[in-house]
Amino acid sequence: MSVNDPLPWIEPVCALIREAVAKNTPVIGHCLGGQLMSKALGGQVTRNAVKEIGWSGAHGEDNAIARHWLGDFAGKTGTVFQWHGETFSIPSGANRLLTNGYCANQMFVMGPHLGMQCHVEMTPEMIATWCEQWADEAIAVADLPSAQTPEAMLTEISAKLPVMRQLSEQLYSVWIKGLGR
């Protein structure tokens, strides 16, 4: 599914995002949600150079905004989970938080709004479910260094998930403070 598909719900969701942003109500989006945010805020969603599937590193920007959102992860590489073939541009007025070598725009913020291409919300159960759908992706990503097999993804849960959970807790703790305003 792509935000560029002619689906009847895409424009209403983009309108809702624009309305929330105009009212300064914090918006958060993971993967397709981040792409919807980018599109709603004037960015573009395009095919990424490669599909990214599985665990990967993402490097945090190192500036005041990134330090606020990323905490100790600013200027460092953290672990995220990926499952995408498209990417978004950073909307005008937003700031990139995370990047990596396969997809430059992994995460952006605009005030209290957080858009992510990567997945920091994953649980072992979600990863297992997605891996069951691997056959749908296998041909498209065979031998890509940006993709992992289900076995690799599942084997690395115990090592990678706690590191990613620290990043997600940092991000969500900053985002949720915006709800209290």
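The values are calculated or read from the model by the stated rules, or taken from the named source; none is laboratory data. Keep in mind that this is a model prediction, so the values were computed, not measured. Positions of Cβ are generated from backbone atoms using ideal geometry, with glycine treated the same way; all protein chains shown enter the neighbour counts. Heads up: the accessible areas ignore ligands, DNA and RNA and are worked out on the full protein's heavy atoms, side chains in. Shrake-Rupley method; radii C 1.70, N 1.55, O 1.52, S 1.80 Å.
Has the stretch 21-28 got any residue that is in a strand (DSSP E or B) and under 30 Å from TRP134 (Cβ atoms)?
yes
Pull out all pairs, ordered by first then second residue, where Cβ-Cβ is under 7 Å, the residues are six or more apart or on different chains, the first lies in the stretch 1-15 and is on the phi < 0 side of the Ramachandran plot, and the second is open to solvent by less than 50 Å² (accessible area, probe 1.4 Å) and assigned to a loop (DSSP other than H, G, I, E, B).
Within 7 Å, the pairs are ILE10/VAL3.
Enumerate the pairs (first residue in the stretch 79-99 and on the phi > 0 side of the Ramachandran plot; second residue anywhere and open to solvent by 20 Å² or more (accessible area, probe 1.4 Å)) with beta-carbon separation below 9 Å, excluding pairs fewer than 6 apart on the same chain, so at least 6 apart or on different chains.
GLY93/LEU41; GLY93/GLY42; GLY93/MET110; GLY93/GLY111
Given the conditions (1) part of a loop (DSSP other than H, G, I, E, B); (2) of a type in the set (A, V, I, L, M); (3) crowded, with 18+ Cβ neighbours inside 10 Å, which single one is not true for MET1?
(3) is the only condition that MET1 fails.
Residues are listed down the side, and each one gets a yes or a no for (1) surrounded by 13 or more Cβ atoms within 10 Å (Cβ to Cβ); (2) in contact (Cβ under 8 Å) with a residue 12 or more places away in the chain; (3) under 23 Å from MET153 (Cα atoms):
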| residue | (1), (2), (3) |
| --- | --- |
| ARG18 | yes, yes, no |
| GLY34 | yes, yes, yes |
| GLY43 | yes, yes, no |
| GLU52 | yes, yes, yes |
| ARG67 | yes, no, no |
| PHE73 | yes, yes, yes |
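What is the residue count in the stretch 103-131 for residues that are over 17 Å from PRO26 (Cα atoms) and in contact with a Pro (Cβ under 8 Å, 6 or more places away or on another chain)?
Of the residues in the stretch 103-131, 1 are over 17 Å from PRO26 (Cα atoms) and in contact with a Pro (Cβ under 8 Å, 6 or more places away or on another chain).
Collect the residues in the stretch 88-125 that are part of a strand (DSSP E or B) and open to solvent by less than 20 Å² (accessible area, probe 1.4 Å), keeping them in residue-number order.
Answer for the stretch 88-125, where residues must be part of a strand (DSSP E or B) and open to solvent by less than 20 Å² (accessible area, probe 1.4 Å): PHE88, LEU97, LEU98, MET107, PHE108, VAL109, HIS113, LEU114, GLY115, MET116, HIS119.
Search the stretch 159-169 for residues being open to solvent by 50 Å² or more (accessible area, probe 1.4 Å) and modelled with pLDDT of 95 or more, and hand back the single one that is nearest to TRP69 (Cα to Cα).
GLU169
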